[in-house]
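One structure is given here, and the rest of the page talks about it.
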Amino acid sequence: MATMKDVAKLAGVSVSTVSIVINGKAKERNIPLTTYNKVNEAIEELGYQPNVSARRLRNLDSTKPIIALYWPLDARTNMLAALLTGIQIELNKIQFDCELVIQTYTNDKIENNSKEIANNTYNGVIIGASSQGDIDYLESLSPRMPVILINRKSNKFSTVSVNSNDVATEAVSLLSKNSIKQVGIIKAENPYVASSQRIQAFLSACKQNNISVDTEHIITASNSFIGGIEAVNKYISIANKPKIIFCESDLIVLGMIYEFNRLNIKIPDDVSIISIGTIGSDFTKYSTPSITTIDIPPEKIAGGAISILVESLSKTNVSERLTPIHKKIKPEKYLRESFQ
């Protein structure tokens, strides 16, 4: 097995220079580009792989890969349980033994928690719910392990995602089949990257299918149960309100269902609801009434991320290991009581 000394000898540099490059500090330490390239070429030629387990904790089993899942501490933490379930299912299916590390971060400030990525502490990283600023920062780094982004776009890193246009097409097809010509929208305040794209895709699909969405029928609410309650009270105050509502978040919808029931507004007789689903189908399946959703299936997304990661790690050539792989997951439609 190649060592840092072997890399240094082949590249004609010192071991400390190799260490600087491997730890992602070449730019910070003003390492010339020619030297940086020599080190990377030597790493690739020798197939050198840093012993990240030993670096992290010397008494760990160095043969067991360390995989990190990065996720922000915000309203989207409700997706974590389903994601972790999907990761475990995929790992068991392919019989891949690894240590899984959960790393939280603040959205738009991932650089404050990215030291391990820059230092190549892990064998692979899965990053969910990142902002565009987070992506821009990550793409400025040169990690030497596979990085997979969930529901984001990148030319540098691998991605697993659900196409926003596919989500919109599924939702609008339900409206068209029922000859719906007007719909209202509940969208989240401070929308995240993917959710904002889905709403824009839905608006475009409605326009293409001659379904009206008036500006006064677009309601903004916090992405929470309380936000759903607030959204209902805004909705009932609208004159000539549409009977059909499309909601960006199933978390908001669960609050809406509670408030509609409390006000004795019948679903789907008085108002019908279709929602994007992100927190797992069981939550919306067992609500009263059950909710029609176009699901962004978190378990399948997590499984897709693991399959990309394992495929990348199987490559002995460093360049091939870092070559992006892009996987698309189909949205899943659940026709239930809230829209028939």
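The values are calculated or read from the model by the stated rules, or taken from the named source; none is laboratory data. Only a predicted model underlies this, so the values are computations on that prediction, with no experimental measurement involved. With ideal geometry, Cβ positions are generated from the backbone for all residues, glycine too; neighbour counts draw on all protein chains shown.
Of the residues making up segment 1-21, those that are part of a helix (DSSP H, G or I), surrounded by fewer than 18 Cβ atoms within 10 Å (Cβ to Cβ) and without any contact (Cβ under 8 Å) to a residue 40 or more places away in the chain are K5, K9, V15, S16, S19. Looking only at residues of segment 282-299 that are of a type in the set (S, T, Y) and touching a residue at least 12 places away in the same chain (Cβ under 8 Å), we find that the one that is farthest from S249 (Cα to Cα) is T288. Just one of the listed residues (K328, K243, K315) is more than 29 Å from Q182 (Cβ to Cβ), charged (D, E, K, R) and modelled with pLDDT of 95 or more, and it is K328. Remark: pairs (first residue in segment 22-38, outside the structural domain of E116 (by TED's automatic domain parsing); second residue charged (D, E, K, R) and modelled with pLDDT under 80; Cβ separation under 9 Å; 6+ apart in sequence or on different chains) = I31/K25; Y36/K27. Restricting A118, A68 to those that are buried (at least 16 other Cβ atoms within 10 Å of the Cβ) and modelled with pLDDT under 90 reduces the list to A118. Might you let me know whether segment 179-198 holds any residue that is in contact (Cβ under 8 Å) with a residue 40 or more places away in the chain and farther than 24 Å from K333 by Cα? No. The residue that is surrounded by the most Cβ atoms within 10 Å (Cβ to Cβ), among those in segment 22-32 that are at negative phi and at pLDDT below 85, is I22.
In segment 228-244, the residue that is surrounded by the most Cβ atoms within 10 Å (Cβ to Cβ) out of those that are closer than 22 Å to M79 by Cβ and in contact with a Gly (Cβ under 6 Å, 6 or more places away or on another chain) is G228.
A quick yes/no check of all residues on (1) assigned by TED's automatic domain parsing to the domain that holds G86; (2) surrounded by 24 or more Cβ atoms within 10 Å (Cβ to Cβ); (3) in a loop (DSSP other than H, G, I, E, B); (4) not aliphatic (A, V, I, L, M):
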{"residue": "D269", "(1), (2), (3), (4)": "no, no, yes, yes"}
{"residue": "I276", "(1), (2), (3), (4)": "no, yes, no, no"}
{"residue": "F283", "(1), (2), (3), (4)": "no, no, no, yes"}
{"residue": "P289", "(1), (2), (3), (4)": "no, no, yes, yes"}
{"residue": "I306", "(1), (2), (3), (4)": "yes, yes, no, no"}
{"residue": "V310", "(1), (2), (3), (4)": "yes, no, no, no"}
{"residue": "K315", "(1), (2), (3), (4)": "yes, no, yes, yes"}
{"residue": "E320", "(1), (2), (3), (4)": "yes, no, no, yes"}
{"residue": "P324", "(1), (2), (3), (4)": "yes, no, yes, yes"}
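There is no residue in segment 140-150 that is within 23 Å of F260 (Cα to Cα) and surrounded by fewer than 21 Cβ atoms within 10 Å (Cβ to Cβ). Filtering S173, S131 for residues that are in contact (Cβ under 8 Å) with a residue 40 or more places away in the chain and surrounded by fewer than 23 Cβ atoms within 10 Å (Cβ to Cβ) leaves a single hit, S131. Close contacts from segment 245-258, counting a first residue that is within 20 Å of T215 (Cα to Cα) and a second that is basic (K, R), with Cβ to Cβ under 6 Å and a gap of 6+ residues or different chains, come to E248/K187.
Assess whether T278 counts as being polar (S, T, N, Q), under 30 Å from F157 (Cβ atoms) and within 14 Å of the chain's Cα centre (by Cα). In short, yes.
Applying the condition of being closer than 22 Å to Y70 by Cβ and in contact with a Gly (Cβ under 8 Å, 6 or more places away or on another chain) to segment 326-340 and asking which residue is surrounded by the most Cβ atoms within 10 Å (Cβ to Cβ) yields I329.
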